[in-house]
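**Student:** Structure in structure tokens, see below.
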Amino acid sequence: MSGITVIDMASSCRIPVPGSNTYIPGFDASLMPDERCDVQGCGKDAARSVPSKSAAGALTGLPSKARRVHLCKEHYKTVKKYNKEKRGLERLGWE
């Protein structure tokens, strides 16, 4: 039985996993790492993480070698608006 973790179901509680509709018995959200916004000069809590390629055009001051960047609500909103406008222009055939 090596490599298998046994969870005592009687002592575990049902806590929702952030970002999903599933429950994991014994999940403790306080053990999750605190993520901060990756934009330089912003220290707010991260709300979302997005691929760095999709955020690169909308924001400056992002880590250059990261695959994904963590963004606060305000910066995520900026990226979302930028990508929505970019997709609209691509649909029209302009750009």
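**Student:** Name the residue farthest towards the positive end of the dipole of region 34-92 from the options 42, 54, 92, assuming +1 on Cβ of Lys and Arg, -1 on Cβ of Asp and Glu, about the Cα centre.
**Tutor:** Farthest towards the positive pole: 92.
**Student:** Can you give the Rg and Dmax of region 34-92 based on its C-alpha atoms, in angstrom?
**Tutor:** Expressed in Å, the Cα Rg and Dmax of region 34-92 come to 11.5, 41.
**Student:** Using per-residue counts of other Cβ atoms within 10 Å, averaged over each peptide, order 46-54, 85-93 from highest down.
**Tutor:** Ranking, from highest mean packing down: 46-54, 85-93.
**Student:** On to the next question. Only sites in a loop by DSSP and with at most 14 other Cβ atoms within 10 Å count here; which chymotrypsin sites (Phe, Trp or Tyr not before Pro) in region 38-95 make the cut?
**Tutor:** 94
**Student:** Let me ask another. Which of the lysines could a cross-linker span from residue 86 if the Cα-Cα distance has to be under 17 Å and same-chain partners fewer than 8 positions apart are dropped?
**Tutor:** 53, 77
Rule-based calculations on the coordinates, nothing more; no lab input. Keep in mind the model is a prediction, meaning the values are calculated, not measured. For neighbour counting, all protein chains shown are included, and Cβ atoms are generated from backbone atoms with ideal geometry for every residue, glycine included.
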